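Scroll down for the structure; my scribbles are underneath it.
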Protein chains: 2
Amino acid sequence: MSLYIGVDAGGTKVLAGEVTPEGHVVRAAHRRTPERDLPVADLEDAITEAMLEVAGGRPISGVGLALAGLVDAVGESVRFATHLPWREAPVRSSLAERWGCVVALDNDANCAALAERAFGAARGVGDVVMVTVGTGIGGALLSAGRLVRGRNGMAGEFGHMQVESEGLLCGCGLRGCWEQYASGDALVRAAGSTFVDGPAVTAAALDGDALAMAAFETVGDRLGVGLASLVAALDPELVVVGGGVSEAGDLLLDPARSAMARSLHGATHRFLPPVVAARCGPEAGVVGAALLARTQATA
Amino acid sequence: MSLYIGVDAGGTKVLAGEVTPEGHVVRAAHRRTPERDLPVADLEDAITEAMLEVAGGRPISGVGLALAGLVDAVGESVRFATHLPWREAPVRSSLAERWGCVVALDNDANCAALAERAFGAARGVGDVVMVTVGTGIGGALLSAGRLVRGRNGMAGEFGHMQVESEGLLCGCGLRGCWEQYASGDALVRAAGSTFVDGPAVTAAALDGDALAMAAFETVGDRLGVGLASLVAALDPELVVVGGGVSEAGDLLLDPARSAMARSLHGATHRFLPPVVAARCGPEAGVVGAALLARTQATA
């Protein structure tokens, strides 16, 4: 049987998994992401180790890599990644040579969208806006069931759309980016100094903590207003919200749905797209990356 | 020879024209748009008169209608139009029956984009963001050279993306819509009470009037910031700016280009799409509508 492995290389963790044709992760391994100022070789070694642990000596048919960064439109190079050391690096060919198998490359939000389309919340849907709400906001677009990659492969960078002209300073250097108002970081900020991170806010809100619940109202509202702008621009059939913060489910999505309906142009003269939580969970990147490798290997 | 006529029905004027296969308007006629509270029949009569004047008794192969309003995704009905009396009206079939020829229907920004793609600034380009800057802001999206219409046929309503959470009240009832900051109306507001309309501001700015030139800087800047958001989301190859205000050319586009480059995420790691003025002029809607009719009649 063919072995396809997906690897999701994020800012803190490298997660590798064997993925079945049905989209199940049957064997996984992970490594800590090396510090960003260490050489590229350290990161590529960590990825290789996690991948080989999953393979366990079996021959590998293909590996897909999902990266938190800007991958070019043809899936060859990493242009830039905030939390990873690659810069204009021909990652695909370099790892394909090292590993002697098919290697596919895309950014993590695109891989998550592919996974949701094939196995999750977007199954069978043609035009989808996917927004991943984690530390920041990422995203991906599906048109007629296919990824819209754009000229540079950078389509879907929704988190850096400006929603306030004199807004909060973003890590990217710009002001008023959407992710300053509707991400995990924004959630922690809205909840105040009691909480150390997003999962802590979610746990408290599920426990009925008023401050944590109010933070979800605030952040969900800003999420929904931004979704209304995306829906005005793109008129999709479905909006899928993924990323770590989406694990809070309706705590986040209910205020987002209300704000979207209230803020959408011509809302009474149109079908309003459902706003649903992603279903493939934290392994969506791994699943989508493996699917990409499988598709390329069998094309 | 086949006769194809395009009709652009806007808030103030109904413009009809015979359009050659090369996209030239060779014969035109117009009527005043009847007041919006008059019956639909008055508007349809005005359109029919302009169209018949262009035909001059010759048999008609097809008529395309470009409308300032929300047309459904299959080109059958007008859902809603701010300045026209149609509401959920099956306009295509009704006029096809009346006229006994092929009738095609789309919104004006989509028609303008089709014209620019076939004969103008977007010739041969696959992925295009078209923004029409007139009284408000409209828009259209091309992906792989084809219009992206969306679930409701409403994709491209860029003017109602929110760019300020506590912003100016828009005619649509929402707050902070982009068109409140970067349209012809915004230009007149920025220029102060000296000027009666957008063309007056343009004429004064071309004459070196400091107030009018400053208004173009202000509005061009807000246009460019919004374009940066669209480019972050869609990563197109080209941005085409049409509509009446775009006739000011670089007066509007130079500040827009600067603001876009300054406000775009990862600008130094990507190809920046050129921002160019539309080339088909005020007849773009007529040309695109006729092209749509020709395409449908010969499909």
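The values are calculated or read from the model by the stated rules, or taken from the named source; none is laboratory data. Bear in mind the structure is a predicted one, so any value in this text is a computation, not a measurement. Note: ideal-geometry Cβ built from the backbone for every residue, glycine included; neighbour counts use all protein chains shown. Ligands, DNA and RNA are excluded from the accessible area calculation, which covers all protein heavy atoms including side chains. Shrake-Rupley method; radii C 1.70, N 1.55, O 1.52, S 1.80 Å.
Values as computed for the structure displayed
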| read-out | value |
| --- | --- |
| Tally, over segment A:74-84, of residues that are part of a loop (DSSP other than H, G, I, E, B) and closer than 16 Å to residue B:268 by Cα | 3 |
| Residue tally, condition among the polar types (S, T, N, Q) and open to solvent by less than 30 Å² (accessible area, probe 1.4 Å), over segment B:177-196 | 2 |
| Hey, residue B:217 of a type in the set (Asp, Glu) and part of a loop (DSSP other than H, G, I, E, B) or not | no |
| Complete set of residues in segment A:219-270 that are within 24 Å of residue B:130 (Cβ to Cβ) and hydroxyl-bearing (Ser, Thr, Tyr) | A:229, A:263 |
| Check on residue A:287, under 25 Å from residue B:88 (Cβ atoms), in contact (Cβ under 8 Å) with a residue 60 or more places away in the chain and more than 9 Å from every other protein chain (Cβ to nearest Cβ) | no |
| Checklist (1) hydroxyl-bearing (Ser, Thr, Tyr); (2) surrounded by fewer than 21 Cβ atoms within 10 Å (Cβ to Cβ); (3) within 22 Å of residue A:143 (Cα to Cα) applied to residue B:165, failing item | (3) |
| Filter result for residue B:131 (touching a Phe, Trp or Tyr at 6+ places or on another chain (Cβ under 8 Å), crowded, with 23+ Cβ neighbours inside 10 Å and within 19 Å of residue A:262 (Cα to Cα)) | no |
| Answer residue from segment B:146-162, given it is open to solvent by less than 20 Å² (accessible area, probe 1.4 Å) and in contact (Cβ under 8 Å) with a residue 24 or more places away in the chain and is nearest to residue B:295 (Cα to Cα) among those | B:153 |
| Among residues of segment A:242-281, those that are in a helix (DSSP H, G or I) and open to solvent by 30 Å² or more (accessible area, probe 1.4 Å), counted | 12 |
| Criterion violated by residue A:243 - all others in (1) closer than 22 Å to residue A:126 by Cβ; (2) out of contact with any Asp or Glu (no Cβ under 9 Å at 6 or more places or on another chain) satisfied | (1) |
| Residue count for segment B:24-54, restricted to those that are surrounded by 20 or more Cβ atoms within 10 Å (Cβ to Cβ) and part of a loop (DSSP other than H, G, I, E, B) | 1 |
| Test: residue in segment A:105-119 that is over 19 Å from residue A:184 (Cβ atoms), surrounded by fewer than 24 Cβ atoms within 10 Å (Cβ to Cβ) and free of Cβ contacts under 8 Å to residues at least 40 places away in the same chain | no |
| Leading residue by the ranking (farthest from residue A:171 (Cα to Cα)) among those in segment B:257-281 that are more than 14 Å from chain A (Cβ to nearest Cβ) and out of contact with any strand residue (DSSP E or B) (no Cβ under 8 Å at 6 or more places or on another chain) | B:281 |
| Output for segment B:57-67, where each listed residue is buried (at least 18 other Cβ atoms within 10 Å of the Cβ) and touching a residue at least 60 places away in the same chain (Cβ under 8 Å) | B:62, B:63, B:64, B:65, B:66 |
| Of residues in segment B:216-241 being over 18 Å from residue B:138 (Cβ atoms) and away from chain A (no Cβ under 14 Å), the one surrounded by the fewest Cβ atoms within 10 Å (Cβ to Cβ) | B:217 |
| Positions within segment A:78-91 being touching a residue at least 24 places away in the same chain (Cβ under 8 Å) and open to solvent by 10 Å² or more (accessible area, probe 1.4 Å), in sequence order | A:79, A:82, A:83, A:85, A:89 |
| Subset of segment A:253-299 (residues that are under 19 Å from residue A:218 (Cβ atoms) and over 23 Å from the mean Cα position of the chain (by Cα)) | A:258, A:261, A:262, A:263 |
| Failed item in (1) surrounded by fewer than 24 Cβ atoms within 10 Å (Cβ to Cβ); (2) modelled with pLDDT of 95 or more, with residue A:139 passing the rest | (1) |
| Residue among B:221, B:250, B:254, B:235 that is more than 30 Å from residue B:23 (Cβ to Cβ) and at pLDDT 95 or above | B:221 |
